[in-house]
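First up is the structure itself, then whatever we jot down about it.
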Amino acid sequence: MLENLPSLFRLSKQLNCTSLKICNVFNVTLLNRTNIVSSVLVPARTTMVVKRRYPPGLYREGNRPRLSRKTFFYELVEDTDYRPDPLVDVVLKTNVPGVGNDGDIINLKRTTAYYKLILPGLADYTTPESLEYSSQLKKDVSVQEKQVSPSVEYCMKYLQLRCMSIVMNKETEWTIEPWHVRASFRKAGVQILSESSIELPAKPIRGPNLDLEGKEFYVTVTINKKHKVKVRCCIHHWSTAMTDRLPYVQDYWLTPLEKVFPEDNVKETEPSTTQ
């Protein structure tokens, strides 16, 4: 196109065309050539990897290979549209809730790591500098004591949104002890390994007392001997006799309940939608 530029100017003088029109013609032509090149040379995401079902036979040097119709039959080897996203290692530069702490090396899918961590500046790819930064943080004991693992953070949020049912006998006298709470947690799918991790209210709760039916109190559960979370517990009386059993309350955890100890100054958690 550049070689033909002088001839275009001569043609413009003959046709009394303005230089603006010629520039427009030049730009449009160059743009069309750019689009053609990009569509041919730039690989698309819809690349198919194939192989010949019937490879052509051998031929002498200097001769053209003999290709028949069946040599153009292909078998699909790989469709790049369905290629799994590879995993990459990234080093966190700060505490990311639900992911990890500062200096942790996280293995994530490449796309997720790029858009969720790399672009916002929350992490870096694994380089000698980032690995050295991670190793220094791991050696710092004061930093390790303040960090909370993602699993502990998830467990604390889960317990804060639950209302555990503490089922007690309607005929036999009882006083709520840590093993009652531990059994109720296990019934709800939460395993507490030691009763020493459960802290009951300072005042004892005794029964049977139907005035306590449906009322809630708080227990403190210690996770990994350093993280504490307050959990709502609701008292329910149960009888071995079918005729003496109290009616079942549907979705009791969704409604605010009266407290056993009104002086409890605990921030209310949002009602849970699962039980």
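Of everything in the stretch 87-134 that is part of a helix (DSSP H, G or I) and loosely packed, with under 13 Cβ neighbours inside 10 Å, the residue that is modelled with the highest pLDDT is Tyr115.
Among the candidates Arg186, Arg182, Arg232, the residue that is loosely packed, with under 15 Cβ neighbours inside 10 Å and either touching a Gly at 6+ places or on another chain (Cβ under 8 Å) or not aromatic (Phe, Trp, Tyr) (or both) is uniquely Arg186.
Within the stretch 196-213, residues that are within 30 Å of Lys226 (Cβ to Cβ) and open to solvent by less than 70 Å² (accessible area, probe 1.4 Å) sit with their Cβ atoms under 8 Å from residues that are part of a helix (DSSP H, G or I) and of a type outside the set (Ser, Thr, Tyr), at 6+ positions apart or across chains, in these pairs: Ile198/Pro178; Ile198/Val181; Ile198/Arg182; Leu200/Pro178; Leu200/Val181; Ile205/Leu212. Within the stretch 167-191, restricting attention to residues that are more than 22 Å from Asp244 (Cβ to Cβ) and of a type outside the set (A, V, I, L, M, F, W, C), the residue that is farthest from the chain's Cα centre (by Cα) is Glu177. Of the residues making up the stretch 68-86, those that are open to solvent by less than 90 Å² (accessible area, probe 1.4 Å) and part of a loop (DSSP other than H, G, I, E, B) number 3.
The values are calculated or read from the model by the stated rules, or taken from the named source; none is laboratory data. This structure is a prediction, so every number in the text was calculated from the model and none was measured. Glycine gets a Cβ as well: all are built from the backbone with ideal geometry, and neighbour counts include every protein chain shown. Note: areas computed on protein heavy atoms with side chains; ligands, DNA, RNA excluded. Shrake-Rupley method; radii C 1.70, N 1.55, O 1.52, S 1.80 Å.
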